[in-house]
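Below is one structure, written out as structure tokens, with a few remarks after it.
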Amino acid sequence: LLLAALLLAGVLSAGHLALRRTLIEPRRALEDATGDLISGRYEQDIPLQNRADEFGAIARFLETFRELARARIEAEVARQTAENASLSKSQFIANMSHELRTPLNAIIGYSEIMLEDCDDPANTRDLERVLAAARHLLGLINDILDLSKVEAGRMALNIEEIEPAGVVDDVLAAIAPAVTKNGSQLVVENLARNSHFGTDVLKLR
């Protein structure tokens, strides 16, 4: 009887270990993995995926769910990042529009007032150059800060008949201080006068 009892105890113990290894431990592992997914913890891979039984099938399903959840979270993060970047860009455009246009409009206004009261031809030419450069810069800023045009990837052209020599003269006058600052010289040769063609003068400048 004692030997029979010991043998029965050994069989029951071996059966319990086998049951624990094949059923109880896999079930607990899948329960823990499911709990992680429910709690939003998607970092760890799901165990038991290489098993060919029902536990393996459940594990592979949970792994698919985990990957889908991670992809959804990453897509949401990317969308939020893009929205934040777009908002920051819009705020930057709005701020720069005010900060750049306001002083330029002041320069244009004062230049026009001074030009009306100026009797010296030399000073008149200088004021006209300042006024032309300020208006040109304001036009560039208006184009650059027009967010709808930038996002659409196109910029409208304002075609008009111009004399290229006059445009070159305006550019030379605008950049002359920067050229002469370091003792450099800028020479324009063979500049045809009294010729005309159609273009967007603002963008050509």
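The values are calculated or read from the model by the stated rules, or taken from the named source; none is laboratory data. For clarity, every value in this text was computed on a predicted model and none was experimentally measured. These accessible areas exclude ligands, DNA and RNA; they are computed on the full protein's heavy atoms, side chains included. Shrake-Rupley method; radii C 1.70, N 1.55, O 1.52, S 1.80 Å.
Helix 54-117 and the long axis of the chain differ in direction by around 10°, with both axes built from C-alpha atoms. Compared with the dominant principal axis of the Cα atoms in the chain, helix 164-181 is inclined by about 80°.
Could you work out the relative contact order of the chain? I mean the mean sequence separation of Cα pairs under 8 Å and 6+ apart, divided by the number of residues, in percent.
14 percent
Axis of helix 2-19 versus longest Cα principal axis of the chain: the two differ by about 20°, to the nearest ten degrees. Within the range 23-170, the ratio Rg/Rh, alpha carbon atoms throughout and Rh by Kirkwood, equals 1.48. The mean accessible area for residues of the chain, using a 1.4 Å probe and ignoring ligands and nucleic acids, is 72 Å² per residue.
As a ratio to 2.2 N^0.38 Å, the alpha-carbon radius of gyration for the range 86-142 is 1.44. Taking all protein chains together and a 1.4 Å probe, the residues 125, 66 rank 125, 66 from largest to smallest accessible area.
Using a 1.4 angstrom probe with every protein chain in place, what is the largest-first accessible-area order of 39, 195? Don't jump to the answer; show the numbers that get you there.
Values: 39 75, 195 40 Å².
So, going from the largest accessible area down, we get 39, 195.
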